[in-house]
1. Would you mention how many residues in the stretch 125-143 are part of a helix (DSSP H, G or I), out of contact with any Leu (no Cβ under 7 Å at 6 or more places or on another chain) and buried (at least 17 other Cβ atoms within 10 Å of the Cβ)?
2. Mind checking which residues of the stretch 28-60 are more than 20 Å from Ile86 (Cα to Cα) and either polar (S, T, N, Q) or surrounded by 13 or more Cβ atoms within 10 Å (Cβ to Cβ) (or both)?
3. Could you tell me which of the residues Ala124, Ala60 is among the hydrophobic types (A, V, I, L, M, F, W, C), touching a helix residue (DSSP H, G or I) at 6+ places or on another chain (Cβ under 9 Å), under 27 Å from Ile20 (Cβ atoms) and modelled with pLDDT under 90?
4. Only one of these conditions is not met by Tyr64: (1) touching a Lys or Arg at 6+ places or on another chain (Cβ under 9 Å); (2) surrounded by 20 or more Cβ atoms within 10 Å (Cβ to Cβ). Which number is it?
5. Take the conditions over 22 Å from Leu134 (Cα atoms), in contact with a helix residue (DSSP H, G or I) (Cβ under 8 Å, 6 or more places away or on another chain) and either in contact (Cβ under 8 Å) with a residue 12 or more places away in the chain or surrounded by 13 or more Cβ atoms within 10 Å (Cβ to Cβ) (or both) and apply them to Phe72. Does it pass?
6. Can you tell me which residues in the stretch 29-58 are in a helix (DSSP H, G or I) and farther than 15 Å from Tyr97 by Cα?
7. Say we look at the stretch 91-120 and pick out the residues that are exposed (fewer than 14 other Cβ atoms within 10 Å of the Cβ) and either closer than 16 Å to Thr140 by Cβ or of a type in the set (Asp, Glu) (or both); which of these is modelled with the highest pLDDT?
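The values are calculated or read from the model by the stated rules, or taken from the named source; none is laboratory data. It should be emphasised that the depicted structure is a prediction, and the values quoted were computed from it without experimental measurement. When we count neighbours, we look across all protein chains shown, and the Cβ atoms used for this are built from the backbone with ideal geometry, even at glycine.
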Amino acid sequence: MSIQLAKIVENYFNRTNTFIRFLVIGLVNTCIGFSLILLLLNVFGLSYWFSTFIGNSIGAIISYTLNKIFTFKSNVSNRKGIIIFILVIFGSYIISYQLGYKIIHDSNVFNLDLYKDEFSVLLAAILYTVLNYLGQRYFTFRQVEDS
């Protein structure tokens, strides 16, 4: 039964476009990373920046492996891929989490006294997903012609 389920999932992934596969794998990354962020932020009382950095770093390790194999089916070498991946992740992180923080904390549009950090993380995660996908697709995992 589980072998059949695995084949169904594999066939589904083969028929979907890269953005859908990226989102499905991203759900795994997000569940793990976001849970860790909230745990570090709310249970351990660690800072916004430390919590988001650690949560996203753990998600990034999972993301690289699964996206290289399943999403983009890339033949890029790990030496080159990991460096570009880290640059894309870091750039996406800085832009998204700075913007998310500023929009929620510095804006009068949202009148939120409670849970500002949590709403900042949520908004930033959406921005991060879009920027990260574009960077991974067009920079990290673009197909390299066999020499």
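1. Of all residues in the stretch 125-143, those part of a helix (DSSP H, G or I) come to 125-140.
Within this subset, residues satisfying the condition of being out of contact with any Leu (no Cβ under 7 Å at 6 or more places or on another chain) are 125-126, 128-140.
If we keep only those that are buried (at least 17 other Cβ atoms within 10 Å of the Cβ) as well, we get 125, 128-129, 131-133, 135-137, 140.
Number satisfying all stated conditions: 10.
2. Ser35, Leu38, Leu39, Leu40, Leu41, Asn42, Leu46, Ser47, Tyr48
3. Numbers: Ala124 fails: modelled with pLDDT under 90.
Criteria check complete, one pass: Ala60.
4. (1) is the only condition that Tyr64 fails.
5. Working: over 22 Å from Leu134 (Cα atoms): no; in contact with a helix residue (DSSP H, G or I) (Cβ under 8 Å, 6 or more places away or on another chain): yes; either in contact (Cβ under 8 Å) with a residue 12 or more places away in the chain or surrounded by 13 or more Cβ atoms within 10 Å (Cβ to Cβ) (or both): yes.
No; evaluated as a whole, the condition is false for this residue.
6. We begin by selecting, within the stretch 29-58, every residue in a helix (DSSP H, G or I); these are 29-43, 48-58.
If the condition is that a residue be in a helix (DSSP H, G or I) and farther than 15 Å from Tyr97 by Cα, then Asn29, Cys31, Ile32, Ser35, Leu36, Leu39, Leu40, Asn42, Val43, Ile58 are the ones that fit.
7. For the stretch 91-120, the residue satisfying everything is Asp106.
Residue-by-condition table, conditions (1) under 18 Å from Thr129 (Cα atoms); (2) modelled with pLDDT of 90 or more; (3) under 12 Å from the mean Cα position of the chain (by Cα):
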position: Leu5; (1), (2), (3): no, no, no
position: Ile20; (1), (2), (3): yes, no, no
position: Ser47; (1), (2), (3): no, yes, no
position: Phe50; (1), (2), (3): no, yes, no
